[in-house]
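Right, one structure below, let's go through it.
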Amino acid sequence: MARVILIGLIALVALLALLYFRPRRDTDSEQVALLARELALRPGMVAAEVGAGDGKFAFLLARKFDGALSMYVTELDPKLVASMQGGRPPNVTVLEGAAGNARLPAACCDVVYLRRVFHHFTEPGSMNASLFRAIRPGGTIAVIDRPAGLSFNLISFQLRGPRNRWGHGISIASVSDELRAAGFQVARVISWPDRNYCVIGKKPKT
Ligand SMILES: C[S@@+](CC[C@H](N)C(=O)[O-])C[C@H]1O[C@@H](n2cnc3c(N)ncnc32)[C@H](O)[C@@H]1O
């Protein structure tokens, strides 16, 4: 009897693990469409992705608008900056960021979004202040991230930097508190594919 219960339990754990780690169903193109819809992006706007990695996601967004959306992309890693310079669409400006400064021009953007980057910030106070300066009054910030520890990825487990980022993630409450401390109003939080969330904040108009 005990054996049957044990086998049943193992089967249940295996099934839950399979469900949890099932392949991603949302492609980057679908997430780009979701972002454009949720942030009400329109031709003529200026947007930025901070911590754009290899630029794949931002370039998809820029191409979706066929040149009618101007974009900045920033990245901390100089190699990724160089590779983005080589492959960027014409309406995208590539900038090298710093740990505590996005290095975007003041009031350059209607929208700034960050996908799986916010939990990497080692100097969140000055970084968030620089994001606030970069967004026009009435503009939008969107932070796509995930709760700490959710990946169970021990290799990339992050035990450095600010404590609210330990565990290679950050809670919605921490993101919201930091955005408010920087001067943003938190407008809403939506769920995002791949067990992520998206906190959407607004810079007050005055
Ligand atoms: C997990 S990757 C996400 C890349 C991209 N946003 C995406 O969704 O595919 C995180 C990236 O953020 C960059 N990063 C971390 N801190 C940064 C900072 N303060 N400013 C700019 N980039 C940063 C890292 O170098 C890395 O390329």
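Could you tell me which of L179, V112, L80 has its Cα farthest along the dipole of the chain towards the positive end, charges placed at Cβ (Lys, Arg +1; Asp, Glu -1), taken about the Cα centre? Sorting the options by dipole projection puts first L179. Put simply, the amide H of A107, placed in the peptide plane, has neighbours under 5 Å in A134, I135, leaving out anything fewer than 5 places away on its chain. Each residue of the range 73-89 is assigned a 3J(HN,Hα), and the resulting list reads 10, 10, 7, 7, 7, x, 5, 5, 4, 5, 5, 5, 4, x, x, 6, x Hz, derived from the Karplus form 6.51 cos²θ - 1.76 cosθ + 1.60 (θ = phi - 60°), x at Gly and Pro. For A148, the residues whose amide H sits under 5 Å from its own are I170, S171, ignoring neighbours fewer than 5 places away on the same chain, with H placed 1.01 Å from N. Rounded to the nearest whole Hz, the Karplus-based 3J(HN,Hα) values (6.51 cos²θ - 1.76 cosθ + 1.60, θ = phi - 60°) of the range 53-63 follow the sequence x, 8, x, 4, 5, 5, 5, 4, 5, 4, 6, with x at glycine and proline. Could you run the Debye sum over the Cα atoms of the range 43-202, one equal point scatterer each and no solvent, and tell me log10 of I(q)/I(0) at q = 0.12, 0.19, 0.20 Å⁻¹, two decimals? With no solvent term, the Cα-only Debye profile gives -0.49, -1.26, -1.38. Only protein atoms count toward the accessible area here, which uses a 1.4 Å probe; on the chain, the carbon and sulfur part of that area reaches 61 percent.
Neighbours of P124 by Cβ distance under 9 Å: Lys/Arg scored +1, Asp/Glu scored -1, total -1.
Within straight-line reach of K79, meaning a Cα separation under 20 Å, sit the following aspartates and glutamates at least 8 residues removed in sequence or on another chain: E49, D54, E96.
Counting only lysines at least 8 places from K205 when in the same chain, there are none with an alpha carbon closer than 22 Å to its own. Based on protein heavy atoms only, the chain ends up with 52 Å² per residue of surface accessible to a 1.4 Å probe.
In this structure, the amide hydrogen of L69, modeled 1.01 Å from its nitrogen in the peptide plane, lies closer than 5 angstrom to those of G44, counting only residues at least 5 positions away or on a different chain.
I need the calculated FRET efficiency for the pair A68 and A181, taking r as the beta carbon distance and R₀ as 25 Å, to the nearest 0.05.
With R0 = 25 Å, the Cβ-Cβ based efficiency is 0.15.
Taking a straight line from the alpha carbon of K203, these aspartates and glutamates sit under 12 Å away, with near neighbours fewer than eight places off in the same chain left out: D110.
Couplings for the range 169-181, taken from phi via the Karplus curve 6.51 cos²θ - 1.76 cosθ + 1.60 with θ = phi - 60°, read x, 7, 7, 4, 4, 5, 4, 4, 4, 5, 5, 4, 4 Hz in order; Gly and Pro are left as x.
The values are calculated or read from the model by the stated rules, or taken from the named source; none is laboratory data. Note that the structure is predicted; figures quoted are calculated from it, not measured. All Cβ positions, even for glycine, are placed from backbone atoms using ideal geometry, and neighbour counts span all protein chains on display. Ligands, DNA and RNA are stripped out before the accessible areas are found, and what is left, the full protein with its side chains, is counted by its heavy atoms. Shrake-Rupley method; radii C 1.70, N 1.55, O 1.52, S 1.80 Å.
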